[in-house]
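The values are calculated or read from the model by the stated rules, or taken from the named source; none is laboratory data. Note that the structure is a prediction, hence the values are computed from the model and not measured. So basically every Cβ, Gly included, is an ideal-geometry build from the backbone, and we count neighbours across all protein chains shown.
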Amino acid sequence: MIKHASGTGKAHAKAILIGDHAVVYQQPAVAIPLLNLEVTARFQSLEQSQTITLSGKAIELNDLGADLEGIRQLIVALLAANQMTEAGFLLEIDSIIPQERGFGASAALATAITRAFYDWQGAALSTETLNHYTTLAENISHGSPSGIDAATVSAVEPVWFQDQRCSTFETSLDATLVLADTGVRGQTVRAVNIVKEQLKEHYDESWAAITHLGDLAYAVKEALVENDPVTLGQLFTSAHHDLQALQVSHPKLDQLVAAAIEAGALGAKLTGSGIGGAMFALAKNDQEAEQIARSLAKAGARETWIQPL
């Protein structure tokens, strides 16, 4: 192993197209990489100190806050595995992935850091090792994640997730995705607990929505592969209704979904855990995507992104 003076790693955001919440109940899901939303990590050797720069602030490794405990323990584990516990370094992090919006920001950050560390050490990084370290950080940050975030933030094609296993598949859909941030922080733990309560109080209706989301996942994959954007849009809107039935939508999400459809979107839904966070709409082409993005901004979206599919 040849150690370099510095090393760089990158990863990108992700969006769940279908399977939000249902994936927790053994239903399949489809996620896509958001290649335009990227995080870069760069390790640089120092004689002493272990410093991380994030959002313009320099923080010592031991002083990282509770919200970054997963990242702290990831770095500690990487150093320990390479007999570098006392090694000095500067870790610079540059990210444009919105936090707590369902875009996989924490998984992307862990992936970028792991890639940067191995590049710094001049060592080969296997898919299994990358997944191990990303999952380590995710387990601390999110409890028991499904694994779909870890798989998608390093993928370049759509990801099919079923039975705790991920695989990629090819698609050439003639359509464009518009994503929008409600400006309301997503509340993953609360949303997961809401679904649990719905299953306790209204089991039949809630389980019907969950299994319907599973059925929709198969149809979404088929529409992606068969280049059928019209059907795909309808499936997305149907999924949003299921998520509303599970009580994990939010007035601002519903407002943006309605605004997108009124602006000509083929379909729209929330993405991620809900109770705030983000949504997306399917547009016929880039030109209509720009029009929908403007309509979403007028309807109150804090920020929008256009993503080719």
> Does Q73 meet the test of being assigned to a strand (DSSP E or B), polar (S, T, N, Q) and not assigned by TED's automatic domain parsing to the domain that holds G274?
Replying inline: no
> Which of the residues belonging to segment 199-214 are assigned to a helix (DSSP H, G or I), surrounded by 15 or more Cβ atoms within 10 Å (Cβ to Cβ) and either without any contact (Cβ under 8 Å) to a residue 12 or more places away in the chain or touching a Pro at 6+ places or on another chain (Cβ under 7 Å) (or both)?
Replying inline: L199, G214
>> Give all pairs with beta carbons closer than 7 Å in which a residue from segment 139-167 that is over 19 Å from K10 (Cβ atoms) and at pLDDT below 90 meets a residue that is of a type in the set (D, E, K, R) and surrounded by fewer than 16 Cβ atoms within 10 Å (Cβ to Cβ); count only pairs at least 6 apart in sequence or on separate chains.
In response: I140/E69
>> Tell me yes or no: at least one residue of segment 42-57 is of a type in the set (K, R) and free of Cβ contacts under 8 Å to residues at least 40 places away in the same chain.
In response: yes
> Can you name the number of the only condition in (1) touching a helix residue (DSSP H, G or I) at 6+ places or on another chain (Cβ under 6 Å); (2) assigned to a helix (DSSP H, G or I); (3) under 27 Å from P229 (Cβ atoms) that F117 fails?
Replying inline: (3)
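Can you tell me how many residues within segment 83-112 are part of a loop (DSSP other than H, G, I, E, B) and either closer than 25 Å to D149 by Cβ or without any contact (Cβ under 8 Å) to a residue 12 or more places away in the chain (or both)?
Total meeting the criteria: 13.
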> Do you know which of the residues in segment 71-104 that are at pLDDT 90 or above and among the small types (G, A, S) is nearest to M279 (Cα to Cα)?
Replying inline: S95
> Within segment 241-293, which residues are part of a loop (DSSP other than H, G, I, E, B) and of a type in the set (D, E, K, R)?
Replying inline: K284
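Among the candidates I32, I75, I52, I71, single out the residue that is buried (at least 17 other Cβ atoms within 10 Å of the Cβ) and touching a Pro at 6+ places or on another chain (Cβ under 6 Å). Quick ask: steps written out before the conclusion?
Numbers: I75 fails: touching a Pro at 6+ places or on another chain (Cβ under 6 Å); I52 fails: touching a Pro at 6+ places or on another chain (Cβ under 6 Å); I71 fails: touching a Pro at 6+ places or on another chain (Cβ under 6 Å).
Exactly one of I32, I75, I52, I71 is buried (at least 17 other Cβ atoms within 10 Å of the Cβ) and touching a Pro at 6+ places or on another chain (Cβ under 6 Å), namely I32.
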